[in-house]
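The values are calculated or read from the model by the stated rules, or taken from the named source; none is laboratory data. The structure presented is a predicted model; accordingly, all values stated were derived computationally and were not measured. Here the Cβ positions follow ideal geometry from the backbone for every residue, glycine too, while neighbour counts run over all protein chains shown.
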Amino acid sequence: MGSLSTVVADDTKRRAVVDDCARLLDAEVSDKRGLKGVAVKAAFKAVKGVSPGMIPMSVDALLDDFATQIDPFWADCQAQGAVPRQFFQSNGDAIANALLTITDQRAQRSTQRVLKGAYSKLRGQAVTHITQAMPRLADLVARHAG
């Protein structure tokens, strides 16, 4: 039973986590439908357009803080002997809000207008979008920290 923070401290393992996170984001964005889906896809495309490799670079920059936020939930999941997907889904709002404390702080300090604009357009629906990603996030954490 490990922690995500410990895993991402190892450069070799960190790269695998970053790559898996980028794939998770691509899959989640691809699954979005309707008008909200169009908005998410447009914002994601704008972020990707800032510079090549922007998504993995952003994930890498946020990963230590995200791992710190996820670790207590993962520890509770493991201590309870819970099924990760079910645990993460039942705690989705709390996990989403914990992760958003990091992105809110980063967005406030960002000097990238495109990134700030994309973030502000999507922030109101962020908890919903993140909670929808809980099954994939649980799988990712279980794969790397389990």
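Quick notes
- Scoring GLN105 on the criteria (1) closer than 23 Å to ASP31 by Cβ; (2) surrounded by fewer than 18 Cβ atoms within 10 Å (Cβ to Cβ) leaves a single failure, condition (1).
Listed here are the residues, each with its yes/no results for (1) of a type in the set (A, V, I, L, M, F, W, C); (2) in contact with an Asp or Glu (Cβ under 7 Å, 6 or more places away or on another chain); (3) touching a residue at least 24 places away in the same chain (Cβ under 8 Å).
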site: ASP104; (1), (2), (3): no, no, no
site: GLN108; (1), (2), (3): no, no, no
site: GLN112; (1), (2), (3): no, no, yes
site: LYS116; (1), (2), (3): no, no, no
site: GLN125; (1), (2), (3): no, no, yes
site: ALA133; (1), (2), (3): yes, yes, yes
site: ALA138; (1), (2), (3): yes, no, yes
site: ALA145; (1), (2), (3): yes, no, yes
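- Selected residue (only one of THR128, THR103, THR111 is modelled with pLDDT under 95 and in a loop (DSSP other than H, G, I, E, B)): THR111
- Of all residues in region 77-89, those satisfying the criterion of being part of a helix (DSSP H, G or I) and surrounded by 13 or more Cβ atoms within 10 Å (Cβ to Cβ) are CYS77, GLN78, PRO84, ARG85, GLN86, PHE87, PHE88, GLN89.
- Scan of region 40-76 for residues that are of a type in the set (Ser, Thr, Tyr) and part of a helix (DSSP H, G or I), ordered by number: SER58, THR68
- A search for C-beta distances below 9 Å between a residue of region 24-42 that is free of Cβ contacts under 8 Å to residues at least 12 places away in the same chain and any residue that is of a type in the set (Asp, Glu) and part of a helix (DSSP H, G or I), counting only pairs 6+ apart in sequence or on different chains, returns GLY37/ASP31.
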